[in-house]
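Below is one structure; the comments refer to it alone.
What follows draws every value from the coordinates through simple rules; no lab data is involved. These numbers were taken from a predicted model, which means no experiment stands behind them. Neighbour counts run over all protein chains shown; Cβ positions are idealised from the backbone, glycine included.
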Amino acid sequence: MKTNGKNKYLAFTGGVGGAKLCVGLSKILSAFEIAFVVNTGDDFTHLDFPICPDLDSLMYALSAENNEELGWGRKGETWNFLRSFAELGGENWFQLGDRDLAIHVMRKQLLREGLTLAEVTSELYQRFGISHAVLPMTNEQVSTKIQSQGELKSFQKYFVKEKCEPKIEKIVYHGSKHAKPVPAVLEKLRDPDLSGVVICPSNPFLSIDPILSLETIKSALLSLDVPVVAVSPIIYGSAVKGPTDKIMGELGFTQSALGVAEHYDNLITHFVLDNEDVNLCSEIEKLGLSVLVCNTLMKTLDDKTELADNVIKFIKNSFI
Ligand code: FO1
């Protein structure tokens, strides 16, 4: 295998699909070799608690604490708080489980003590026994807002309360113009030992674009001379989970892995698509991207590790 002598990787992620690949990457690369940058555009304050869904989804996935039945939240969950709260007339459209709630209470406490979100995240991940570095994209507030029928609504209202039903006209990353990335994100992007960047199979518009909406992250990515690999979240025209395909249609993108490649085109050098989409390979190569076709559906831990291994070998075999 060809190598460029460098041995560090950075993965951009958000949501449950991205977290699956992160689990695979964490199994084959040490904490010295890979770090994760996580979307915080979904974050919001609910019942006075700071909720960071993507940071928590990754924390639960990396510690095997994720709830596979629900597809989000924490394993072995109980709902006593939510039930009692609803009995009192409290709102319950956004379900906070008892075990999950402990994280939000702890996060609130630590933030109140004056820790930044990055420091709180590091503290919570350590308490979950996770040694890999996980960095929120920013310590500041950047909120994904969905414009539908002329109204700008909060992300969780669109995603959970309205079940992604409203037709999206536009997505806004409110606050991104002035927010600074967490300094360690830029340090890692500028590390001379950086071997490549992986864009996980997360929703491009809801999970990855909020990270890229931070101009200094985007420009650092654009000035890299190492592979930037995106893994398609779309297989055979459909999202493995969530509304990616629906949103692509609403925003005027081709509803396929090709549409994802076109969306990321100027930022990435490499693209990974599923065996099912092998017929799209030549069209994606025409965009100037190196393409790897393999299994991208991650049902088991072996699937996650195998895809991670393929992605890292793809980077190691590349000289651009
Ligand atoms: N997703 C849901 O579909 N319904 C919920 O009630 C819900 C509650 C929830 C609580 C805490 C948390 O960290 C995540 C939660 N999620 C819920 C998931 C979350 O809304 C989304 O999956 C992400 O924001 C998209 O990545």
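Listed values, structure above:
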quantity: Cα centroid separation - segment 196-241 against segment 162-179, whole Å; calculated: 17
quantity: Segment 8-317, relative contact order [Cα under 8 Å, separation at least 6], %; calculated: 20
quantity: Rounded FRET efficiency, nearest 0.05, which uses the C-beta distance separating Leu251 from Asn80 and R0 of 51 Å; calculated: 0.80
quantity: Entries of Lys167/Lys241; Lys157/Lys304; Lys27/Lys108 with Cα pairs more than 23 Å apart; calculated: Lys157/Lys304; Lys27/Lys108
quantity: Of Lys8/Lys180; Lys153/Lys299; Lys286/Lys313; Lys20/Lys163; Lys145/Lys180, those spanning more than 28 Å from alpha-carbon to alpha-carbon; calculated: Lys153/Lys299
quantity: Euclidean distance between Cα centres, segment 92-115 to segment 277-304, Å; calculated: 38
quantity: Proxy reagent accessibility, fewest Cβ within 10 Å first, across Asp48, Asp54, Asp100; calculated: Asp48, Asp100, Asp54
quantity: The chain - convex hull of alpha carbons, volume per residue in Å³; calculated: 129
quantity: Cys52, Cys164, Cys200 arranged by Cβ crowding within 10 Å, fewest neighbours leading; calculated: Cys164, Cys52, Cys200
